[in-house]
1. Can you find, among ALA326, ALA347, PRO371, the residue sitting farthest towards the positive end of the charge dipole of the range 306-402, where Lys and Arg contribute +1 and Asp and Glu -1 at Cβ?
2. Give, rounded to the nearest 20 debye, the magnitude of the charge dipole that the chain has about its Cα centre when Lys and Arg contribute +1 at Cβ and Asp and Glu contribute -1 at Cβ.
3. Using only the alpha-carbon atoms, how far is helix 291-314 inclined from the longest principal axis of the chain? Give it as 0 to 90 degrees, nearest 10.
4. Output the peptides 35-47, 386-398 sorted from most to least packed, where packing is the average of other Cβ atoms within 10 Å over each peptide's residues.
5. Among PHE153, VAL420, TRP305, whose Cα projects farthest towards the positive end of the dipole of the chain, with charges put on the beta-carbon of Lys, Arg (+1) and Asp, Glu (-1)?
6. How far apart, in nanometres, would the label points at THR88 and LEU18 be if each is projected 7 angstrom from Cα along the Cα-to-Cβ direction?
7. Over 29 Å between Cα atoms, which of LYS272/LYS390; LYS286/LYS390; LYS264/LYS442; LYS288/LYS409 qualify?
8. Could you calculate the FRET efficiency of ARG468 with ARG54 from 1/(1 + (r/R0)^6), where r is the beta carbon distance between them and R0 is 25 Å, rounded to 0.05?
Amino acid sequence: MKRGYMTVYLSLTLGVLLSLILALVEGARINATRMRALCAADTSINSVLSEFNRELFEQYDLLFVDTTYCGGAGGIEAVRARLTHYLTENLDNSTPALSRDLLGMRLQRADILEYALATDNEAEAVRRQVADYMDTTLKGVLISGVDELTSGFGVGGFDYDTESERMGVQGQIDSTELPVVENEDGELEEVPLNNPADNVNSIRNAGILGMVLDDTSEISRTKVELEEYLSHRTLASGMGISEEERSLGRCAGELTYDEYIFDKYGFYGHLKEGSLLSYEIEYVIKGKDNDWDNLEAVCRTLALWREGANYCYLLTDASKMEEARALALTLAAVLMNPELEEPVTHAILLAWAYVEALQDIKILLEGGGVPIIKTPETWHTDITCLFHPKSALRSYPGQEGPKYDSYLKTMLVLTSFSKVLPRSLDVMEMDVRLTPGNAAFKMDYCMQSFLVDIVTGSTHGHNAEIIRRSGYYYA
């Protein structure tokens with residue numbers, strides 16, 4: 001009787017213990033299923049993010065997944081396919097012949113609920129990464145170069161409207177009645193004024209580069225089809241940056257972004273290796289489809305700035321004012337019309353200021369400096385330059401003052417950011433497309449972050465759902 005009693009007791013005890021053990025095993029399997037799902041999700045998401053475009057990172061220090069994957073159709077479905085591939089591999093059930101997979105997990109679905117592209121919300125993702133980059137590099141370099149030149153507006157005369165002044169002066173001259181004489185044919189004709197300022201005015205619409213450079217053969221003439229680039233096409237769009245992501249950083253302001261452009265882009269006198277356009281910053285400022293026109297357009301703006309500054313200086317230089325007035329007085333005396341003295345004087349001063357502006361541009365393009373406000377020592381042309389403007393230009397090496405890059409920085413800062421931003425992204429596309437495997441690269445197909453919904457199942461009926469936001473701002 002005693003031995004039989006012990007058997008029943010052990011049977012009952014073993015039953016309870018076995019139930020407890022099986023419950024513990026099942027609980028462990030449930031937790032292991034969840035843990036493996038989390039590990040698979042993290043590994044797969046990181047694998048997707050590790051496939052960022054290498055050229056974009058190496059050239060511009062920007063981290064984005066190119067959803068075209070080196071020439072494919074692109075789009076978020078391509079990313080979902082990559083995520084699905086990695087999840088399937090990480091949940092692979094294949095095991096050696098003599099072992100058994102206790103979890104039996106499989107992927108049920110993987111969806112991307114939200115995603116942010118580089119160009120969403122005025123390229124907010126790009127500007128945030130630029131802010132992160134600039135915080136650790138060259139912050140403040142651009143501003144220090146621009147502060148000096150901004151004084152040229154107002155005090156220096158950069159913004160003086162010489163065009164309106166010239167048209168007003170010319171209107172006064174044209175409205176003045178000139179004396180009439182009888183020619184050899186017995187016909188009456190006006191005596192010409194022979195204003196030397198007309199020699200200068202006749203070249204105002206001519207190409208500046210051809211006048212200021214001794215050899216234009218080295219100037220790049222590379223041309224691009226603008227319709228192929230971001231600023232001239234309809235863009236793909238995502239959902240934009242999430243509020244969670246916005247809390248993790250800041251967006252680069254206009255000055256910070258302009259600093260970044262000068263750190264990463266090439267310009268005349270400082271070319272970037274491996275670029276499509278030689279004068280990239282000039283393109284960002286002017287937006288022409290070829291290097292020559294962009295540099296020419298920048299020089300025209302420089303001519304306006306320097307002409308205004310030079311004219312303002314001439315008005316304060318008594319010696320040069322006297323030279324201009326003496327020449328004007330001579331012309332007025334010949335025509336016996338003293339009313340011409342004042343407008344012709346200012347026409348001569350404006351023309352002289354323009355020739356000096358051309359001389360300034362020549363100095364800048366040759367690597368020299370041009371002070372904002374001239375002095376007698378830094379003024380290079382004399383009044384005879386009005387008769388032969390182009391031949392009056394000379395090389396003056398080693399000149400002190402703000403150089404071409406400083407003027408270009410100021411011009412960039414003054415350019416509307418709504419133009420600077422898309423054109424800067426054009427340049428990124430141009431340069432990345434030159435590299436192997438990136439011929440179809442598009443900034444609006446570059447993904448910065450995404451929100452995924454991953455569901456896994458198992459042969460034991462235990463499912464796990466993982467919803468996770470990840471990107472290049474998340475640890």
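Just so you know, all these numbers are worked out from the coordinates, no wet-lab data involved. Since this is a predicted model, take the numbers as computed values, not measurements. Don't worry about glycine lacking a Cβ; one is built from the backbone with ideal geometry, like all the others, and counts go over all protein chains shown.
1. Value computed over the given set: PRO371.
2. 4400 debye
3. Computed tilt is about 50 degrees.
4. Packing proxy ranking, top to bottom: 35-47, 386-398.
5. The residue sitting farthest along the positive end of the dipole is VAL420.
6. 4.1 nm
7. Checking Cα-Cα distances, LYS272/LYS390 exceed 29 Å.
8. That pair, ARG468 with ARG54, gives E of 0.50.
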